[in-house]
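The values are calculated or read from the model by the stated rules, or taken from the named source; none is laboratory data. As the structure is a prediction and not an experimental result, all values here were calculated from the model. Cβ: placed from backbone, ideal geometry, glycine included. Neighbour counts: every protein chain shown.
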Amino acid sequence: MTLKSLLLVGGALLTGTAASAGGYQVTLAGQKNNGMGGVGVGLSLDQAAMFYNPGALAMVKDRGVQVGVNATLARSAFVAQGGNQQRELRNSVVTPFNLYAGFGPAEGKFRAGIAVYTPFGSKLQYAEGWEGRTALTDIDLKSIFVQPTVSYAITDQISVGAGLVVLAYGAVNLQRDVPLPDSYGHIELDGKAETKLGFNAGIFFKPSDKVSFGINYRSKIDAQVKDGDVTFTGIPASFATRFEATKFGATLPLIATTSIGVGIMPTDKLTIGIDGNFAQWSKYETLRFDFDKQINGQTFSESKRNYKDALTIRVGGQYKLTDGLTVRAGGAYDETPVRDGYVTPETPDNDRFSGTIGASYSFGKFGVDLSAQYVSIQKRTETQQQLVNNGTTDRIAGTYKTNIVIPGIGLNYAF
């Protein structure tokens, strides 16, 4: 066993099959937005503006409470270089959720609220005995973010807002097999992230009833695990002295993102949104692990990531068919931050295309929001020569392919 192989598992603290963004971002923060390709920076649709652009919250007409949940149903497969057997991941379902509550005077310029959402979360379970079993077998990642938010309309056309982003809860469980001379053992890493703080701020400008603009910035947060548990099983007594570590620590970046958005309202019934998101992935250069005791004679190691900054383009719209029924559709292109030769089993990422549909039905102060997405992560082949050239032979050569279906439902109440 090498420490570099162990690092591949640790990378999953922030990675996995993300639902709708490159790398390990997940942007399923609002059910209406989900049905419109994920747009929202240049719009003031509802309380989910706290996530997409806090500056737009003051322009949301209704105060209200809303809750939503999604189910990410991923189908992933891997074929090793030189092989012909397709390894499919075991079926798993992840359920990111969101909760928003917005308050303020009915005719006032001030709005405040609280947002709870899950921007990082995944579960991957590779096939039993797959070729990369010594790099990764299982990931289970959970996180909950809380964001108290304030927003103020400076004029009838311009509003600003900001939120304190709190990584309130994070937990990760990572597993892989350990190669031994005539068998395999198993290692499990289990840890919880410390509470960390960041911010989310935005400006919203609506010069007329026909057009609106927004800009949003989400700061970087360093997620840190200290005193995570390291557990070995299936290790013969004769090898026990080589696997003494019981605790681990790691720090990884939740990268900063700058977004701009445009809203176009040709008629009272039609709304169109266009967003561009720039993610500063280049901050993620290496992954370092520290252990309390030695593993094969070492107490720390580093593994190359060398991510690149990436751009996402989103387009979507909604049309109000009746007083109660609104329908939506959209799509997005997400550029992967993972360079050739740096693909890892916990992030089998590539450029991805997604299509979305959605609908809402309101009756009085209550409403129901439905959304559905299809995400196609393009086939990604990594060769052994690429790994050798980059010095990343701690991972496995082969071809990955993933498709994801994401249904979602939300309930809202306006007051």
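Counting only residues that are of a type in the set (S, T, N, Q) and touching a residue at least 60 places away in the same chain (Cβ under 8 Å), which one in the range 249-269 is nearest to L174 (Cα to Cα)?
Once the filter is applied, the top-ranked residue is T257.
With the requirement that a residue be among the acidic types (D, E) and not in a strand (DSSP E or B), what does the range 320-352 give you?
Once the filter is applied, which keeps residues that are among the acidic types (D, E) and not in a strand (DSSP E or B), the range 320-352 yields D323, E335, D340, E346, D349, D351.
Is it fair to say G297 is farther than 18 Å from G228 by Cβ, out of contact with any strand residue (DSSP E or B) (no Cβ under 6 Å at 6 or more places or on another chain) and not hydrophobic (A, V, I, L, M, F, W, C)?
So G297 passes the test.
When the range 186-222 is examined, which residues are found to be within 24 Å of I264 (Cα to Cα) and of a type in the set (A, V, I, L, M)?
A201, I203, V211, I215
Is it the case that G317 is outside any loop (DSSP other than H, G, I, E, B), touching a strand residue (DSSP E or B) at 6+ places or on another chain (Cβ under 8 Å), in contact (Cβ under 8 Å) with a residue 40 or more places away in the chain and more than 24 Å from S122 (Cβ to Cβ)?
Criteria met by G317.
So which of R75, R87, R63 ends up being surrounded by fewer than 21 Cβ atoms within 10 Å (Cβ to Cβ), of a type outside the set (A, V, I, L, M, F, W, C) and more than 26 Å from the chain's Cα centre (by Cα)?
Answer to the check: R63.
Mind checking which residues of the range 139-159 are surrounded by fewer than 21 Cβ atoms within 10 Å (Cβ to Cβ), modelled with pLDDT of 85 or more and out of contact with any helix residue (DSSP H, G or I) (no Cβ under 7 Å at 6 or more places or on another chain)?
The answer is I144, V146, P148, V150, I154, T155, D156, Q157, I158.
Let me confirm something: among S360, S371, S354, which residue is of a type in the set (S, T, N, Q), crowded, with 21+ Cβ neighbours inside 10 Å, farther than 30 Å from L136 by Cα and within 22 Å of the chain's Cα centre (by Cα)?
That would be S371, the only listed residue that is of a type in the set (S, T, N, Q), crowded, with 21+ Cβ neighbours inside 10 Å, farther than 30 Å from L136 by Cα and within 22 Å of the chain's Cα centre (by Cα).
Quick test of your reading of the structure: V262 fulfils all but one of (1) at pLDDT 90 or above; (2) among the hydrophobic types (A, V, I, L, M, F, W, C); (3) crowded, with 24+ Cβ neighbours inside 10 Å. Name the failing condition by number.
(3)
Among what's in the range 345-385 and is of a type in the set (D, E) and under 22 Å from M36 (Cα atoms), pick the residue that is modelled with the highest pLDDT.
Per the criteria, the residue is D369.
Quick one: how many residues across the range 233-247 are crowded, with 17+ Cβ neighbours inside 10 Å, of a type in the set (V, I, T) and outside any loop (DSSP other than H, G, I, E, B)?
Counting residues in the range 233-247 that are crowded, with 17+ Cβ neighbours inside 10 Å, of a type in the set (V, I, T) and outside any loop (DSSP other than H, G, I, E, B) gives 0.
Take the range 269-303 and flag every residue that is part of a loop (DSSP other than H, G, I, E, B) and either modelled with pLDDT of 95 or more or crowded, with 16+ Cβ neighbours inside 10 Å (or both).
Listed by number, the residues that qualify are K269, Q280, Y284.
Only one of E244, E194 is acidic (D, E), modelled with pLDDT of 90 or more, over 30 Å from Y319 (Cα atoms) and under 29 Å from the mean Cα position of the chain (by Cα). Can you tell me which?
So the residue among E244, E194 that is acidic (D, E), modelled with pLDDT of 90 or more, over 30 Å from Y319 (Cα atoms) and under 29 Å from the mean Cα position of the chain (by Cα) is E194.
Against the definition (surrounded by 20 or more Cβ atoms within 10 Å (Cβ to Cβ), in a loop (DSSP other than H, G, I, E, B) and touching a strand residue (DSSP E or B) at 6+ places or on another chain (Cβ under 8 Å)), how does A250 come out, yes or no?
no
Where in the range 44-128 are the strands (runs of 3 or more DSSP E), entirely inside, with at least 2 residues that are modelled with pLDDT under 90?
In the range 44-128, 72-80, 122-125 are the strands (runs of 3 or more DSSP E) which contain 2 or more residues that are modelled with pLDDT under 90.
Could you tell me which numbered condition S151 fails, if it satisfies all but one of (1) small (G, A, S); (2) closer than 16 Å to D62 by Cα; (3) without any contact (Cβ under 8 Å) to a residue 60 or more places away in the chain?
With respect to (1) small (G, A, S); (2) closer than 16 Å to D62 by Cα; (3) without any contact (Cβ under 8 Å) to a residue 60 or more places away in the chain, S151 is out only on (3).
Could you run through the range 159-187 and say how many residues are more than 18 Å from R395 (Cα to Cα) and within 30 Å of the chain's Cα centre (by Cα)?
Counting residues in the range 159-187 that are more than 18 Å from R395 (Cα to Cα) and within 30 Å of the chain's Cα centre (by Cα) gives 15.
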